[in-house]
Amino acid sequence: MSSQADGTPEQIAFGNWVSDQLAYLKEVRGLSMREACRIAGVSHTQVYAWMGQPESAGYVDASGPAVKKFCTRLKLDYTEAAEALGWVKSSAPEPPKDPEGFIKRAREMAEHEDTPEEERIILLARIEAAEMHLKNARDSERRFEELMRGVFEDEKDAPGH
């Protein structure tokens, strides 16, 4: 394990990811950092080192097994952690080809009786944001079409003809 006061870009990205996940766990699940570390089976000093704390000690490399255990036991996305660490290449998700269908399926997930309440709250917030962005995108597309209507008097003037 190497330690670097300033941290590599990967160490810093992972440290920020860990910090964000701990904040999420505190907000959504009510877990303190020490409680989260106890559940994960990873010492709080190790987690602090991942986040470059204390600053005088700097960042410490994370081991694969410790990160895997941390993510698995806390039900966090290991792929996100591995991407932050540069262990795997980031694969940007493909946007849904059927946004309305995607939102409908997400709403069905949120309304399913087996969905935990905190997950339901998060899903509904994401659905609301997605619906707002989809509406804005559609409004922008209509404005674009209105602005471009009449620009080309004749079909032969249009680009590509």
Selection from region 67-90 of residues that are of a type in the set (Val, Ile, Thr) and assigned to a helix (DSSP H, G or I):
Val67, Thr72, Thr79
For region 1-51, which helices (runs of 4 or more DSSP H) that fit wholly inside it have 1 or more residues that are of a type in the set (Phe, Trp, Tyr), under 11 Å from Ala62 (Cα atoms) and touching a strand residue (DSSP E or B) at 6+ places or on another chain (Cβ under 6 Å)?
none
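Within region 131-145, is there a residue that is assigned by TED's automatic domain parsing to the domain that holds Ser32, of a type in the set (Asp, Glu) and either assigned to a helix (DSSP H, G or I) or in contact with a Ser or Thr (Cβ under 9 Å, 6 or more places away or on another chain) (or both)? Talk me through it step by step, then tell me what you get.
So in region 131-145, the residues assigned by TED's automatic domain parsing to the domain that holds Ser32 come out as none.
No: zero hits.
Can you say whether Arg120 is modelled with pLDDT of 90 or more, surrounded by 11 or more Cβ atoms within 10 Å (Cβ to Cβ), charged (D, E, K, R) and not assigned by TED's automatic domain parsing to the domain that holds Glu27, as far as the supplied structure shows? Step through it out loud before you land on a result.
Working: modelled with pLDDT of 90 or more: yes; surrounded by 11 or more Cβ atoms within 10 Å (Cβ to Cβ): yes; charged (D, E, K, R): yes; not assigned by TED's automatic domain parsing to the domain that holds Glu27: yes.
So Arg120 passes the test.
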If you go through region 1-43 one residue at a time, how many are closer than 30 Å to Leu123 by Cα and touching a Cys at 6+ places or on another chain (Cβ under 7 Å)?
0
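The values are calculated or read from the model by the stated rules, or taken from the named source; none is laboratory data. Here the structure is a predicted model, which means the values were calculated and not measured. Glycine gets a Cβ as well: all are built from the backbone with ideal geometry, and neighbour counts include every protein chain shown.
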